[in-house]
Amino acid sequence: MVITSEKLKKAILTALADKEMLDILNASMDSLVSGTDIVKKFDIPHSTAYRKIKWMLDNDLLVVVKMGFTNEGKKYSLFRSTIRSVNVRYQKNEVTVESSKNVDPIENTTKNFFSLGDSIE
């Protein structure tokens, strides 16, 4: 789908140009990740990782899929990327950004659950 929102277009281009944000998008594309996972996996400073995660949440590039508490009582969130792929084209003063949406994991789970009834005899 072609992105028509200038705000979202700018957010996508900004994220693609930032190494840490690109790492976060890649890590959260196929699986749920926490901020702690991102800090450990990519050796990003804690404050930087959470600042970029917050920015990406505010700009609809990430979504919180699950929230919970650790055994120690600390709150955590699991994130997922909202985009699967991006194509950018520049042609004489016009930037076109096309993106495919990352499948909603809850929607996907629901579809799988209800499709089980079709195969049960």
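Selection of the range 20-47 for residues being closer than 23 Å to L8 by Cβ, of a type outside the set (G, A, S) and part of a helix (DSSP H, G or I) yields E20, M21, L22, D23, I24, L25, N26, M29, I38.
Taking M67 as meeting all but one of (1) over 17 Å from the mean Cα position of the chain (by Cα); (2) over 20 Å from L13 (Cβ atoms); (3) exposed (fewer than 10 other Cβ atoms within 10 Å of the Cβ), write down the number of the exception. If we test M67 against (1) over 17 Å from the mean Cα position of the chain (by Cα); (2) over 20 Å from L13 (Cβ atoms); (3) exposed (fewer than 10 other Cβ atoms within 10 Å of the Cβ), just (1) comes out false.
Here D37 clears all of (1) over 22 Å from S100 (Cα atoms); (2) of a type in the set (D, E); (3) in contact with a Lys or Arg (Cβ under 6 Å, 6 or more places away or on another chain) except the condition numbered (3). Surrounded by 15 or more Cβ atoms within 10 Å (Cβ to Cβ), touching a strand residue (DSSP E or B) at 6+ places or on another chain (Cβ under 8 Å), among the aliphatic types (A, V, I, L, M) and over 17 Å from Y76 (Cα atoms): does that describe I44? Criteria not met by I44. Being in contact (Cβ under 8 Å) with a residue 60 or more places away in the chain and part of a strand (DSSP E or B) is the filter; apply it to the range 88-102 and report the residue that is nearest to K9 (Cα to Cα). Of everything passing the filter in the range 88-102, V97 is nearest to K9 (Cα to Cα). Which of the residues spanning the range 75-87 are assigned to a strand (DSSP E or B) and under 15 Å from D60 (Cβ atoms)? Across the range 75-87, the qualifying residues are F79, R80, S81, I83, R84, V86. The set of residues from the range 2-24 being without any contact (Cβ under 8 Å) to a residue 12 or more places away in the chain, loosely packed, with under 14 Cβ neighbours inside 10 Å and charged (D, E, K, R) comprises E6, K19.
If you go through the range 48-67 one residue at a time, do you hit one that is at pLDDT below 90 and among the polar types (S, T, N, Q)? Within the range 48-67, none of the residues are at pLDDT below 90 and among the polar types (S, T, N, Q).
The values are calculated or read from the model by the stated rules, or taken from the named source; none is laboratory data. Just so we're clear, the structure is a prediction, and the values are computed from it rather than from any experiment. Virtual Cβ from ideal backbone geometry, glycine too; neighbours counted across all protein chains shown.
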